[in-house]
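The values are calculated or read from the model by the stated rules, or taken from the named source; none is laboratory data. Computed from a predicted model, the values in this text were never measured in an experiment. Heads up, the Cβs are rebuilt from the backbone with ideal geometry, glycines too, and the neighbour counts pull from every protein chain shown. The protein model used for the area step is the full one, side chains on, heavy atoms only, and it has no ligands, DNA or RNA in it. Shrake-Rupley method; radii C 1.70, N 1.55, O 1.52, S 1.80 Å.
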Amino acid sequence: MYRESNGVWAGMVVAVALLGAAPQPHPGVAYTVNVKLSEWNVVLSQASVAAGPVTFVITNAGSIPHGLEVEGQGIEQEIETIQPGASDTLTLTLKPGSYEVYCPVGSDSHKKLGMDTHLKVVSATSPAPPAAPAPSEMSEAHMKAERVQTIRVTGGGPVIQILPGPFPFPDSAAPILKAFGDEREGLESQVKNGPYSNNVVRTSGSFAFTAWDKGAVRDSVAGVAEFATQDGARWKLVMDRVQTKDVPHHPRFGGVIMGLYYHGVTQVHTPLVPTINSAVALWAVAHLYKNDVLVTDNAMVHVMLLSRTRRDGDFALSCWDCSKNKIEELQLQILPGPGEPKFAAPGGFLFVNWEESQGR
């Protein structure tokens, strides 16, 4: 998965720089480690300390609630939530070894989005840690050690097109919308008439894609969707590259990510989708055709294979927290590229669901 700003790799580069600058530990010295949390990064003031008491002074510099968990060497302690702009402290006695330091919010969804780093604890009598390798050397070693995750997804079962309409859980979403800053007005308008509605029509279509989560900027996707819409038009979508742009508060994280808990109450992405678990979520740029005529080569695409949100029969949204449901619903949302006109479809977008899909 790739995130253009504040990503996992950016956090690792910061940690590398700090590690090389860490002072030699001295026996009997109690250490303070300053921790800065933001979307979507954890930055430590130093990446190596001596064994013994360590106080983490944690500041949430982000715009949504975050937390901090320290895990390793038999320790697993956390501060569950720190509000934006607030600070807190966590004091632990640490033995030599490596510790994971991450944000546990959203059943680790914030961690999976990049809020994860490591702290090295050395013996109080050991020499200073060796200088870290140059970022280019670290990058090469990291890429070689990476395990590529691949998933093949096929759309199945009933196919529905979701049309503009009111969001069915406005009272549940309202408290969460306050965290979305400048985008709040746009989201509130979608509560009244947007793409996350129970206004659906049955249609037909097929969808198959393969996605590779290779890390950094190397994620990739290949797939084709073909479907009809309520007006009888035939659409074809060809996905051949991921997109990597994101924006604050309501980010479109680029690339491919597997096993994510988000939407709804998690404060990750729009709350106008119920809380879900996804086997895979991806953001792509694609070629879109209508009745065999090219519409755009820059369609913005979001795909999720997620826990079921809609009930059989009328396909209405059936739960505000759907994260425990079976993962079999495939959502395909297509928007015009930046600066391009809206599509000739209700609301100017295309939103299609396959209700009994599978991935392997």
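For region 336-346, how many residues meet the condition of being without any contact (Cβ under 8 Å) to a residue 60 or more places away in the chain and touching a Pro at 6+ places or on another chain (Cβ under 8 Å)?
Residues in region 336-346 being without any contact (Cβ under 8 Å) to a residue 60 or more places away in the chain and touching a Pro at 6+ places or on another chain (Cβ under 8 Å): 2 in total.
Scan region 46-91 for residues that are surrounded by 15 or more Cβ atoms within 10 Å (Cβ to Cβ), among the hydrophobic types (A, V, I, L, M, F, W, C), more than 22 Å from the chain's Cα centre (by Cα) and not in a loop (DSSP other than H, G, I, E, B) and report the count.
Number satisfying all stated conditions: 7.
Applying the selection to region 307-360, what residues are touching a helix residue (DSSP H, G or I) at 6+ places or on another chain (Cβ under 6 Å) and surrounded by fewer than 16 Cβ atoms within 10 Å (Cβ to Cβ)?
342, the sole residue that qualifies.
Give me a count of the residues in region 92-118 that are assigned to a strand (DSSP E or B) and either open to solvent by 50 Å² or more (accessible area, probe 1.4 Å) or not hydroxyl-bearing (Ser, Thr, Tyr) (or both).
Summing the residues that are assigned to a strand (DSSP E or B) and either open to solvent by 50 Å² or more (accessible area, probe 1.4 Å) or not hydroxyl-bearing (Ser, Thr, Tyr) (or both) in region 92-118 gives 9.
Under the condition of being in a strand (DSSP E or B) and among the hydrophobic types (A, V, I, L, M, F, W, C), which residue from region 139-162 is modelled with the lowest pLDDT?
Residue satisfying both the conditions and the ranking: 151.
Residue pairs, Cβ under 7 Å, 6 or more apart or interchain, first in region 19-45 and assigned to a strand (DSSP E or B), second of a type in the set (A, V, I, L, M) and at pLDDT below 80. List them.
Short answer, once both residue conditions are applied: 41/10; 43/14; 44/15; 44/18.
Please state which of the following conditions residue 167 fails to meet, knowing it meets all the rest: (1) in a loop (DSSP other than H, G, I, E, B); (2) closer than 27 Å to residue 267 by Cα; (3) modelled with pLDDT under 85.
Exception for residue 167: condition (3).
Considering only residues that are among the polar types (S, T, N, Q) and within 28 Å of residue 112 (Cα to Cα), look in region 198-229 and name the one that is surrounded by the fewest Cβ atoms within 10 Å (Cβ to Cβ). Reasoning before the result, please.
Applying the first criterion (among the polar types (S, T, N, Q)) to region 198-229 yields 198-199, 203-204, 206, 210, 220, 229.
Filter again for within 28 Å of residue 112 (Cα to Cα), leaving 210, 220.
Working: 210: 14, 220: 19.
Among those that are among the polar types (S, T, N, Q) and within 28 Å of residue 112 (Cα to Cα), it is 210.
I need the full set of residues from region 96-120 which are modelled with pLDDT under 95 and over 16 Å from residue 41 (Cα atoms), in order please.
Within region 96-120, 107 is the sole residue that qualifies.
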